Amino acid sequence: MKKKEFNIQNLVRKNIKQMKPYSSARDEFTEASSEMTFLDANENPFQNGVNRYPDPKQQSVKELLSGLKGLPMDQILLGNGSDEVLDLIFRAFCEPKEDNVILLPPTYGMYSVLANLNNIEIKEVLLSDSFDVKVKETLEIVTKNSKIIFLCSPNNPSGNSFSADKIQKIAEEFNGLVVIDEAYIDFSSQESWLEKLNEYPNLIITQTLSKAFGLAGIRLGVCYASKEIIEVLNRIKPPYNVNELTQQRAKERLLKYEDVQSEIAIILSERSNLENELKEVNFISKIYPSDANFILVKVDDANKRYNQLIEKGIVIRNRTTQALCENTLRLTVGTITENKELIKVFKEI
Ligand SMILES: *Cc1c(COP(=O)(O)O)cnc(C)c1O
């Protein structure tokens, strides 16, 4: 391991280092027990289940995640969706109008939206034809102001995971932060990088309850990183960024992880069925290998096929304008009935 000299403090923006975090009522008095009388936060005292502010540290959700993932709670940060987590990472480490981040298209659209929002320059290196990381080219465009490389694996919209050796090389050679977005990891045959987190002080892994956990509506994103990185992010996060209802629903679901697993098993078996059925659709020329809960396919005319599906009441994602994705459509794996309907319509049109 070469990165002995890596010090996260060198990457933190100056104003963030200097700022004093907001101290909430719940932060200042932590030994909260339900027998105490709470007159500190200007809440309405009449009980309705959510009249109190939520736990700003989300301890009980983190405890469950910690048990599930085998990482200590001080290496976990929660956000209002991964989108908030990613925004916090930009705000903590990227100096507007000075720093840049490296993106590997075609990839998730939020990275560039957040870069633009935060006024951070974007440097891009296309993925290879098989949608894998081009390591040499990626490391070559690094400048002294490159703060983050975003690796989305399994990648949206292509669906594949990047080769482990390529991710490892980037993590070892790049002296900034490497964010691995594992939104689809629960559908993947690859190991999560969580196992390796403690070998790479510059690694940040993001996951979400929006996909495999079936909780897109509650907005809960998770960030795993070194204790030092999590400390920085905790300083700048809005104090009550994860609301009480979200915390409750997340806990219920985490306590029933077997249910999540059985849904994942069905989705994976449906993915494989879909892959077989799609082979028989005459205008589909390529089915890209998927490690996620969606499948990217190449068709004769993406706009035409997209509109035909809409007319039949099925909404998919047209990815034709994305780099390397000309005439591709992205299909989310649905229920058994929904997938049957999709195939039926595909064969009719
Ligand atoms: C869906 C998705 C997410 C999830 O974002 P949330 O804000 O947690 O819902 C994150 N990354 C990628 C690549 C995604 O496709």
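Worth a mention:
- Charge sum, other residues only, whose C-beta stays under 13 Å from ASN145's C-beta, Lys/Arg counted +1 and Asp/Glu -1: +1
- Cα-centre dipole for the chain with unit charges at Cβ (Lys and Arg positive, Asp and Glu negative), debye to 20: 560
- The charge dipole of the range 32-174, taken about its Cα centre with unit charges on the Cβ of Lys, Arg, Asp and Glu (plus for the first two, minus for the last two), comes to roughly 160 debye.
- Contact order, relative form, for the chain: 18 percent (alpha carbon pairs under 8 Å, 6 or more residues apart, mean separation divided by residue count).
- Residue exposure proxy: PHE294, PHE38, ordered by other Cβ atoms within 10 angstrom of their Cβ from fewest to most, comes out as PHE38, PHE294.
- Relative to the 2.2 N^0.38 Å rule of thumb, the chain has a C-alpha radius of gyration ratio of 1.07.
- Cα-based shape type of the range 178-249, given that a ≥ b ≥ c are square roots of the gyration tensor eigenvalues and the cut on a/c is 1.5: oblate
- Of all the options ALA183, ALA115, ALA164, the one that moves most in a Gaussian network model of the chain with Cα springs shorter than 10 angstrom is ALA164.
- Degrees separating the helix 59-69 axis from the principal Cα axis of the chain, which is the longest one: 50
- Separation between Cα centres of the range 61-83 and the range 140-179, rounded to whole Å: 22
- Added length on full extension, which subtracts the Cα-Cα distance from 0.36 nm per residue, PHE283 to LYS196: 27.1 nm
- Anchor LYS256: lysines whose Cα lies under 16 Å away (excluding residues fewer than 8 positions away in-chain): LYS62, LYS69, LYS211
- Between LYS134, LYS123, LYS144, the Gaussian network model of the chain with springs among Cα atoms under 10 angstrom shows the greatest mean-square fluctuation at LYS144.
- MRE, 222 nm, helices only [DSSP H, n ≥ 4, -39500 (n - 2.57), over the chain, to nearest 500]: -10500 deg cm²/dmol
- The string of couplings for the range 141-153 from the Karplus curve (6.51, -1.76, 1.60, θ = phi - 60°) is 8, 5, 10, 5, 9, 7, 9, 9, 10, 9, 10, 9, 9 Hz, one whole number per residue in order, with x for Gly and Pro.
- Extension reserve of the GLN9-LEU255 stretch, reckoned as 0.36 nm per residue once the Cα distance is removed: 84.9 nm
- Normalised convex hull volume, the range 290-334, alpha-carbon set, Å³ per residue: 65
- Principal-axis tilt of helix 82-93 within the chain, Cα atoms, nearest 10 degrees: 60
- In a simple Cβ point-charge model (Lys, Arg +1; Asp, Glu -1; nothing else charged), the range 263-349 has a dipole of about 180 debye relative to its Cα centre.
- ³J(HN,Hα) computed for each position of the range 251-263 - Karplus, 6.51 cos²θ - 1.76 cosθ + 1.60, integer Hz, glycine/proline x: 4, 4, 5, 5, 6, 10, 4, 4, 5, 4, 4, 6, 5
- Segment ILE336-GLU28, length gained on full extension (0.36 nm per residue, minus Cα span): 105.8 nm
- Look at ILE170, ILE180 and count the other Cβ atoms within 10 Å of each Cβ; fewest to most, that gives ILE170, ILE180.
- Look at GLU172, GLU98 and count the other Cβ atoms within 10 Å of each Cβ; fewest to most, that gives GLU98, GLU172.
- THR208 long-range amide H proximity, modeled H, under 5 Å: VAL222
- Taking the charge dipole of the chain about its Cα centre, with +1 at Lys and Arg Cβ atoms and -1 at Asp and Glu Cβ atoms, the residue from SER262, GLN9, ALA225 reaching farthest to the positive side is GLN9.
Every number in this text was worked out from the coordinates using simple rules, so none of it is lab data. Just so we're clear, the structure is a prediction, and the values are computed from it rather than from any experiment. Positions of Cβ are backbone-derived with ideal geometry, glycine not excepted, and every protein chain shown enters the neighbour counts.
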